[in-house]
1. Which of the trypsin sites (Lys or Arg not before Pro) across segment 36-113 are loop residues per DSSP, with 15 or fewer other Cβ within 10 Å?
2. Which net charge results for the neighbourhood of residue 27, defined as the other residues with beta-carbon distances under 11 angstrom from its beta-carbon, given Lys and Arg at +1 and Asp and Glu at -1?
3. Per the helix-only calculation at 222 nm, which mean residue ellipticity applies to the chain, given -39500 (n - 2.57) for every DSSP H run of n ≥ 4 and division by its residues, nearest 500 deg cm²/dmol?
4. Rg and Dmax in Å for segment 10-51, alpha carbons only: what are they?
5. Determine, from the Cβ-Cβ distance of residue 80 and residue 141 and an R0 of 30 Å, the FRET efficiency 1/(1 + (r/R0)^6), rounded to the nearest 0.05.
6. Please calculate how many Å² of accessible area the chain carries per residue, with a 1.4 Å probe and no DNA, RNA or ligand atoms counted.
7. Whole number please: convex hull volume per residue, Cα atoms of the chain, in Å³.
8. Work out from phi, with θ = phi - 60° and the Karplus expression 6.51 cos²θ - 1.76 cosθ + 1.60, the ³J(HN,Hα) of each residue of segment 113-126, listed in order in whole Hz, and give x for Gly and Pro.
Amino acid sequence: MNSTEHTLDRIDRKILSALRQNGRLTIAQLSEQVGLSSSPCWTRLKRLESLKIIDGYTANINPKAIGIKDLFFIEITLERHDDEMLEQFSQALADIPEVIEAHLVTGEYDYLVKVAVKDAEHYERFLRKKLYSIKGIRHTRSTFALRPLKSANSADFMMIE
């Protein structure tokens with residue numbers, strides 16, 4: 001186990017599972033669900049937060065409800081792979097609102113980028129005005145997502161052994 005891994009017992013996992021389902025639970029509700037009194041439940045919750053096992057709380061937004069209907073995955077190959085290029089490109093991606101995930105990867109291309117847009121016209125504008133204006137791109141290949149089969153957030157990783 002490396003220094004960033006922590007051992008979780010059954011109660012810790014119950015706390016994480018309950019919060020994954022509803023991150024707005026009160027301590028009273030959470031303690032009832034996991035079978036602890038409020039004080040030890042609060043202590044465990046604060047420990048999980050301080051260890052960064054719980055790395056924040058978010059709201060899940062329904063993309064279709066706000067007009068975001070299409071997802072694209074883009075494989076991007078850069079011209080160079082020096083630290084300066086990787087840093088500049090990573091920062092440029094981080095600054096584009098349509099980019100909802102970006103991963104530096106191994107294999108035939110350098111980045112796998114997930115982009116959310118309203119429609120095909122929005123995607124074309126994104127490509128021409130935003131992505132292709134970033135210096136250092138050698139090649140891209142896009143794939144359109146038909147529908148999600150499984151969608152995970154980082155909390156789902158706790159179930160992996």
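The values are calculated or read from the model by the stated rules, or taken from the named source; none is laboratory data. Values in this document were obtained by computation on a predicted structure and should not be read as measured data. Note that we place each Cβ from the backbone using ideal geometry, even for glycine, and neighbour counts take in every protein chain shown. These area figures cover heavy atoms from the full protein model, side chains too; ligands, DNA and RNA do not enter into them. Shrake-Rupley method; radii C 1.70, N 1.55, O 1.52, S 1.80 Å.
1. Those satisfying the criteria are 52, 69, 80.
2. Here the charged neighbours net out to +1.
3. Mean residue ellipticity at 222 nm (helix-derived): -9500 deg cm²/dmol.
4. Using the Cα atoms of segment 10-51, the pair Rg, Dmax is 8.9, 23 Å.
5. 0.95
6. The answer is 72 Å² per residue.
7. Dividing the Cα hull volume of the chain by its residues yields 161 Å³.
8. The phi angles translate into 10, 9, 10, 10, 9, 6, 6, 4, 5, 5, 4, 4, 4, 4 Hz.
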